Amino acid sequence: MNLLIYGANGYTGELITRLAAGRGLRPVIAGRNREEIKRLADKYDLEYLVFPLDDHKALNSALQKVEAVLHCAGPFSLTARPMIEACLYNQRHYLDITGEISVFEYCASLDEKAREAGIMIMPGVGFDVVPSDCLAVHLKNKLPDATHLTLAFFGTGGLSHGTQSTMLMNIGRGGAIRKNGRIVTVPPAFHIREIDFGLVRKRAVTIPWGDVSTAFYSTGIPNIEVYTVVPETVLRFMKISRYLGPVLARRPVQRFLQSRIPRGGPSDEERARGKSLLWGEVRNTSDQRFESRMSAPEGYSLTALTALNISEKVLSGKYAAGFQTPAKAFGPDLILEIEGVSREDI
């Protein structure tokens, strides 16, 4: 498998590596931590490389060995740029599992350069944003003149160290929605509403999820909000952060908070028990509406499945040059290729 998985020793990177090896695939794995990368390579009998992203010589040399990169080392707001620049220079496809709006927008700005290089840049090939992106395009197809898109998700199971670290880094930046085609900063928990996910009804709040960026490129819908379900304690903290955001974003506070995040993530048993529920709605200026729901495996497991599925498509020549989103490149039924995923129109 002519693929480099960078950050393979992280929680999600290791899940992807394990799944790839279980399928008989042989990616090259890489990262900064020699001990952990070697342990993983020995376990699955894979070729490995060890280098930091600021070692341009080593990075370029690594990319010469492969056709595509699956970048799994976050926070992506810090790590995506050097990897993408190297992919453009070496004309190698770039995939990642980010959920950060700033990274999606940066990738979108490189569309022309990627086309000139003949490569595809597709951030967000995991839980964020494959299932929700596919749901957004499905809804757009049902109501082509939609002007408003609302998405929501509810996942059971814990969070990895990397996910929590990224959330803390962004805690002082507030929320985000798309309004009249532009991404607008709003207070945390800007809107609260009850969502019927089919199996459960839950109160959800707006968050700066990746679809605020990507769904616009996938559908052209100018007004987008994304909701998720959070515990009551987290909701209270989100509201407090409206006033304490600048303090929480200070470097000493961040260092302390980051040091309190436990390593690892959900266990295999927790992921097996977990589930992801998604809901979406579109409406137009005549107040016509259309809703759909989706049920899928737990988020980290789903990320490994969708990331490898898309990687295999790209390496088999099924790609479009330039900046792409999952559903724009592969259609809204891409997510239905994953076992355990179902979708229903309401």
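What the table shows:
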| item | result |
| --- | --- |
| Karplus 3J(HN,Hα) series, Hz, for segment 215-225 with 6.51 cos²θ - 1.76 cosθ + 1.60 (x for Gly, Pro) | 4, 5, 6, 7, 10, x, 5, x, 10, 9, 10 |
| Cα→Cβ-extended label distance, 7 Å offset, between ASP196 and GLU116, nm | 5.2 |
| Extension gain (nm, one decimal) between THR156 and ARG39, 0.36 nm per residue minus Cα-Cα | 39.1 nm |
| Zone residues, segment 62-93, relative to ARG23, backbone N less than 19 Å from point 7 Å out along Cα-to-Cβ | 66-73, 93 |
| At R0 = 22 Å, FRET efficiency that the Cβ-Cβ distance of GLN288 and GLU344 yields, to 0.05 | 0.70 |
| Estimated translational D of segment 176-306 in µm²/s (Stokes, Kirkwood radius over Cα pairs; 37 °C; 0.692 mPa s) | 191 |
| Whole-percent carbon and sulfur share, accessible surface of segment 262-325, 1.4 Å | 44 |
| Segment 261-322: C-alpha gyration tensor shape, a/c 1.5 cut-off, then a/b vs b/c | oblate |
| The chain, relative contact order [Cα under 8 Å, separation at least 6], % | 22 |
| Highest average packing first - 12-25, 72-85, 211-224, Cβ atoms within 10 Å | 211-224, 72-85, 12-25 |
| Cα gyration tensor shape of segment 28-96, rounded if a/c is under 1.5, else prolate or oblate by comparing a/b with b/c | prolate |
| Label selected from (1) 34, 62, 5; (2) 31, 60, 8, 0; (3) 21, 42, 31, 5, 0, the criterion being P(r) over Cα pairs in 20 Å bins from 0, in percent as computed here | (2) |
| Gyration tensor (alpha-carbon) shape descriptor, segment 36-153, a/c threshold 1.5 | prolate |
| Proximal charge balance of SER292 [Cβ under 10 Å; K/R count +1, D/E count -1] | -1 |
| Total charge dipole magnitude, segment 168-217, about the Cα centre, Cβ charges on Lys, Arg, Asp, Glu only, Debye to nearest 20 | 120 |
| Surrounding net charge for ARG193, when Lys and Arg each add one and Asp and Glu each subtract one, Cβ distance under 12 Å | -1 |
| Alpha-carbon centroids, segment 196-214 and segment 281-296: separation in whole Å | 13 |
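The values are calculated or read from the model by the stated rules, or taken from the named source; none is laboratory data. All of these numbers come straight from a predicted model, not from anything done at the bench. Cβ: placed from backbone, ideal geometry, glycine included. Neighbour counts: every protein chain shown. These accessible areas exclude ligands, DNA and RNA; they are computed on the full protein's heavy atoms, side chains included. Shrake-Rupley method; radii C 1.70, N 1.55, O 1.52, S 1.80 Å.
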